[in-house]
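Engineer: Can you read through this structure? Questions will come right after.
The values are calculated or read from the model by the stated rules, or taken from the named source; none is laboratory data. Not measured: the values here are computed from a predicted model. Cβ placement follows ideal geometry from the backbone for every residue including glycine, while neighbour counts extend to all protein chains displayed. All accessible areas refer to the heavy atoms of the entire protein, side chains included, with ligands and DNA or RNA removed. Shrake-Rupley method; radii C 1.70, N 1.55, O 1.52, S 1.80 Å.
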There are 2 protein chains.
Amino acid sequence: MVVPIDPTSAAFLFAENRQMPMHVGGLQLFERPEGAAEDYARQIYESMSEAGDIAPLFLRRPTRGITTAGQWVWTEDDDFDLEYHFRHSALPEPGRVRELLELCSRLHSTRLARERPLWEAHLIEGLDDGRVALYTKLHHSLVDGVSAMRLLQSVMSTDPDERGMAPMWAARPRARTRAARADAERSVAGVPVEAFRTALGITADAAGLPGALVRTLLHGVRNETSALSLYAPRTMFNTTITGSRRFAAQGWPLERLRAVGRASGTTLNDVVLAMCSGAIRSYLVERQALPDTSLVAMVPVGLNAKKAGEASGDGGNAVGAVMVKLGTELPDAADRLSSIHASMVTGKQALSSMTPLQITAMTALGMAPSIVIPTLRLHGLLRPPFNLIISNVPGPRKTQYLNGARMVGTYPLSIPINGMALNITCNSYVDDMCFGLTGCRRSVPSLQRLLTHLDDELAALEEAVGVA
Amino acid sequence: MVVPIDPTSAAFLFAENRQMPMHVGGLQLFERPEGAAEDYARQIYESMSEAGDIAPLFLRRPTRGITTAGQWVWTEDDDFDLEYHFRHSALPEPGRVRELLELCSRLHSTRLARERPLWEAHLIEGLDDGRVALYTKLHHSLVDGVSAMRLLQSVMSTDPDERGMAPMWAARPRARTRAARADAERSVAGVPVEAFRTALGITADAAGLPGALVRTLLHGVRNETSALSLYAPRTMFNTTITGSRRFAAQGWPLERLRAVGRASGTTLNDVVLAMCSGAIRSYLVERQALPDTSLVAMVPVGLNAKKAGEASGDGGNAVGAVMVKLGTELPDAADRLSSIHASMVTGKQALSSMTPLQITAMTALGMAPSIVIPTLRLHGLLRPPFNLIISNVPGPRKTQYLNGARMVGTYPLSIPINGMALNITCNSYVDDMCFGLTGCRRSVPSLQRLLTHLDDELAALEEAVGVA
C-alpha cells in the first residue's frame, strides 16, 4: 500500500544527514516483578518478539522512485524483520547507570536505515540492581517527540496484575471500546490528544512555511518591543555538530522542586529552568566559556486555546513557546530563579498579546528548529534568538506497569541540531522530575557533568530559599 | 599535519554509501589467563585505554575543504577521543556464540563517522564460557583486508608470559630493532610484507584504472579461450544490497580438511572451496533458488613472482586471482570436489600463461571489486563474471597471546558490495581453519544456516573420500 508522505515528515527526511540524525528516543527503566526468573529479560524479549500482526506505523518505510514520480511515499516493508528492529542488548560489568547511559548514547548516535521502517527498540539487561531497560528510537518523520512519549506509554497499564500486554509495535485489536480508548488517552498525564494533533499541525505549517509565517517570525525576532526580541550570546553549544551523541539522565523528587517553588513564589517549571540555568552556568564556568550576558532558552508552553492565546502552566490544547533569559550571568542561585520567573511571566504575557499567526510562528521555531531555522537563514536571519531548547512535558501521574514490571523511570532522548548542540527535555513521572540531556558528543564534552551540576543547583536553590 | 590521500584510499571513500560501508573487520577470541580476576574484561579494557601516544594511522581522518582546494587529505584529529573509538560491550544472557555473532553483525553494519579517525575496537564480555572477544573495524581506505589482519596480529606475542603489551593503536617505540621487526613480520604465517605492499599497489592501479587495464579486463572476460571466460548464473546473491549485515563464523580442525585432501589428491584450498560449494548448494536448495549451472567464485591465489606469474599454493610475493567453477549443480560431494580441483588447476595454468598486465587486471577485480566493477559497467560490461569472492588467507601458525590471554580463534569480517551480497573469507590459525561469512542481512537471510551446511559438507566429504 502506498501512502503519500505529508510535507512535515518529508521535511524531516530531507533535513537529516550524517551529522544530524532526526530520531527521538525514550529510555524506560523497569523493576523485575516479584518472583521473576533468572532469565527474566530473555523471557520478556521473547514474549515481546511474538507480537503477531505489526501496526501500520511500524511497517512503513519511505520510498521514492520512478513509480512514484519522484515523490516520497510511505510503502509497507514487504520483508519486515522484527528481529532487526527489536534487539536484546546487555551492559558490561559493573552494570551501573553509567554503562547504561553510555550504551544509550551509542544507540542514539546511529541513523535509522531508510530501507526499513524507521524505528528500533532495545531491551537492555545487565544493570547491577537487576532492573531492565528499554531504549526506543523513532524517526521524527513518524512521530514528534511528545507523541513518541505518549506512544511509549500508551502500551502500559496502571494495573500491576495485567499480563499478556502487546508491545508498542503490535497491531491493536479494533474491538477495543471507545470508552477504553478514551480512558487510555486521558491516562497519559491528562493531556488531551488534541494537543499532540495541534503540535503536529503546526509543524506541518512550518514545513510548508508560508511567506506570511516567515515574515512574522523575522518581524518578531527583529522587533525590539516583542517577546521574541532577545539577544542570545554565542556559546560553545551554538556550533556545527557531529553525528555522535552523549546522553545523560537522572530524576529528582518532585516534592523537592515544589518546596523550592512554594518558598519562592515560583512555578515548578521555573524551578526546572533554574536548575538548568545553574547547571549550565557551572558547566561553562568550568570550561571558562561563560558569556557575559544571559543565555536564552526557548521553552514550549501550553496555551489555553479557549482564551485565544493565553498561556497556561498545565498544558492546554495548543502549544506556544516563550524565550526565557536564564540569568546565567548571575552568580547567585536565588537571583537566577527570580530572573527566570520574571522572564517567564513577561514571556507569557507577550505570548497572550500575540496574534495566532505569531504564536504559530514562535511555536514552529521550537517544534521544528531543524526545518525552520535553515529556512530563516535563507530569509536573512543568521542566528536563532536562543541558545537551546528546554522542554518540560507532563508525564504519567500514576505508576505504570508493563506485564507486571513496575516502570521506575522514563527519560526522553531528543535531537541536537546544527547550531544547537544541547537539548534538555524533562518529564514528570509519579513523584519524580526526570531530566534527559542529549548533546553532540564532540561539541558538549563531559555532558554527564551537567547531572552533578543539576544536583548541586537543586541543593543551592533549597539553601537559598530556606528549605534545605 | 596534512597528508594527501592516495587515489586508492580516496576511491574507497567515494565508493562508500549507506548501503555499502567500506570497512573490514576482525573478530578475535581470547581465553582468560589462569587466575584472572572476576572483572578481568574491565581490567584489560582499562589497561588498553591507557595507551599513551596514538600511532599516526589511528589519528588520521579524511578532510576536504577550501583550504585543501577541494582535495581529500588526511589530517590529524585535533580532538582525538580514545573512549569514542575503543568501547566496552557485553552480550545478553545466555552469552552463546550466537549472541556474539549477532552483536558483531550489528557493529559491522554501522558506518564509521568521517569526522573521526576511521576505526573502532570493541572489547566484548559476557560469553558463557568466560572467554573475551575483540571486534575491530578499520576503514578500507586505511588498510586492505589482508593488511588489517596482519595489523591485528602484529601486536600479539607467541610468549604467554609477556605482559604490558601495547594495543594496536599505540605508537610503537622506534627503538625496536630491525631484526625484531623482521621477525614479527615473518611470524605472521610467513607471508612476506612485500605481498601486502604489492596487493595495495595493484588496487592503486585499479583505482586509477588505466585504459589498457580496462581493455584487458573486457577482452579477458569476453574471450572464450581465457580462464576469465566463465558464465556466472544470476543468483539471489547478485542483487542490490542494504546497509545491514549478518556475520557468521566458525572454525574446523585443519587436520580434518587435510585428511580429505590427502585421500582425494586435492589441496587444502580445494577442500575449503568444496565446503563452501556444498554449503551454498544446500542453502540455495532450501530456498528453491539453485541455478542449473555452476556458481563461479573469484579466488585470490599467491603467485611466484620469480617464475613470472606462476601460481603457487602457499603464498608467493604477488597475488593473482582464479575464476573457479564451484560445481554447485552436482549433487555429489566428491564430484563437486573433483570439479573444483580441475577448475582450479585449469585456472592456475591459465593464470601462468597470462601477461603481467592481465594478472594485474584479474587481481584488481578481486581486490577492489567495489571500485573496479562499477568502472567496468561504465565500459559496457554489465555483470561480473563471478558470483562471490572466496578468499583463504594463511594465518598465524603459532599460538598468539595478548598480555597472557591465549587467542583461541580469529575470524575475518569482509565487505559485501552491490551485486555481491555474500563474502566468504577464511584464515588458518594454528590447528584450525576459521571461516568468516559476511552478508547483506536482507539479501542473504538466515546466513548462519551456512555454518550448519559447512559442517554437514565437511562430514559429507569425509564420507565420500572414505576418511570418516
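Engineer: Answer with yes or no whether A:Leu142 is within 18 Å of B:Glu125 (Cα to Cα) and buried (at least 18 other Cβ atoms within 10 Å of the Cβ).
Structural biologist: no
Engineer: Since B:Glu162 meets every condition but one in (1) at pLDDT below 85; (2) open to solvent by 30 Å² or more (accessible area, probe 1.4 Å); (3) not basic (Lys, Arg), which condition does it not meet?
Structural biologist: (1)
Engineer: Which condition number in (1) more than 17 Å from the chain's Cα centre (by Cα); (2) modelled with pLDDT under 90; (3) more than 21 Å from A:Leu284 (Cβ to Cβ) is the one that A:Phe386 fails?
Structural biologist: (3)
Engineer: Taking A:Val24 and the conditions (1) open to solvent by 40 Å² or more (accessible area, probe 1.4 Å); (2) modelled with pLDDT under 90; (3) within 27 Å of the chain's Cα centre (by Cα), which numbered condition does it fall short on, given that it satisfies the others?
Structural biologist: Every listed condition holds for A:Val24 apart from (1).
Engineer: Could you identify the single residue in B:Leu402, B:Leu461, B:Leu413 that is away from chain A (no Cβ under 14 Å) and at pLDDT 95 or above?
Structural biologist: Only one candidate passes the filter, namely B:Leu461.
Engineer: Sticking with this structure for a sec: Restricted to the stretch B:125-146, and to residues that are of a type outside the set (D, E, K, R) and in a loop (DSSP other than H, G, I, E, B), which residue is farthest from the other protein chains (Cβ to nearest Cβ)?
Structural biologist: Looking at the filtered set, the residue picked out is B:Val143.
Engineer: Hey, can you tell me all the residues within the stretch B:9-26 that are within 14 Å of chain A (Cβ to nearest Cβ) and assigned to a helix (DSSP H, G or I)?
Structural biologist: The answer is B:Leu13, and nothing else.
Engineer: Another question about this same structure. Would you confirm whether any residue within the stretch B:117-124 is within 14 Å of chain A (Cβ to nearest Cβ), open to solvent by less than 20 Å² (accessible area, probe 1.4 Å), over 28 Å from A:Pro94 (Cβ atoms) and part of a loop (DSSP other than H, G, I, E, B)?
Structural biologist: Looking through the stretch B:117-124, at least one residue is within 14 Å of chain A (Cβ to nearest Cβ), open to solvent by less than 20 Å² (accessible area, probe 1.4 Å), over 28 Å from A:Pro94 (Cβ atoms) and part of a loop (DSSP other than H, G, I, E, B).
Engineer: Can we say A:Thr63 is farther than 30 Å from B:Ala90 by Cα, more than 14 Å from chain B (Cβ to nearest Cβ) and not in a helix (DSSP H, G or I)?
Structural biologist: Criteria not met by A:Thr63.
Engineer: Name the residue that is surrounded by the fewest Cβ atoms within 10 Å (Cβ to Cβ), counting only residues in the stretch B:423-468 that are polar (S, T, N, Q) and outside any loop (DSSP other than H, G, I, E, B).
Structural biologist: The selected residue is B:Thr452.
Engineer: Return the residue satisfying two criteria in turn: it lies in the stretch B:68-110 and is buried (at least 20 other Cβ atoms within 10 Å of the Cβ) and assigned to a loop (DSSP other than H, G, I, E, B), and of such residues it is farthest from the other protein chains (Cβ to nearest Cβ).
Structural biologist: Here the residue is B:Leu91.
Engineer: Let me ask something else about it. Taking only pairs six or more apart or across chains, which ones have beta-carbon atoms under 8 Å, a first residue in the stretch B:23-48 that is within 29 Å of B:Ser147 (Cα to Cα), and a second residue that is of a type in the set (Asp, Glu)?
Structural biologist: Pairs that qualify, where the first residue is within 29 Å of B:Ser147 (Cα to Cα) and the partner is of a type in the set (Asp, Glu), are B:Val24/B:Asp144; B:Ala41/A:Glu93; B:Ala41/B:Glu125; B:Arg42/A:Glu93; B:Arg42/B:Glu125.
Engineer: I've got another one for you. Does B:Arg114 satisfy being more than 10 Å from chain A (Cβ to nearest Cβ) and out of contact with any Cys (no Cβ under 6 Å at 6 or more places or on another chain)?
Structural biologist: It is false that B:Arg114 is more than 10 Å from chain A (Cβ to nearest Cβ) and out of contact with any Cys (no Cβ under 6 Å at 6 or more places or on another chain).
Engineer: Consider the stretch B:27-58. How many of its residues are more than 14 Å from every other protein chain (Cβ to nearest Cβ) and open to solvent by 20 Å² or more (accessible area, probe 1.4 Å)?
Structural biologist: Final tally of qualifying residues: 12.
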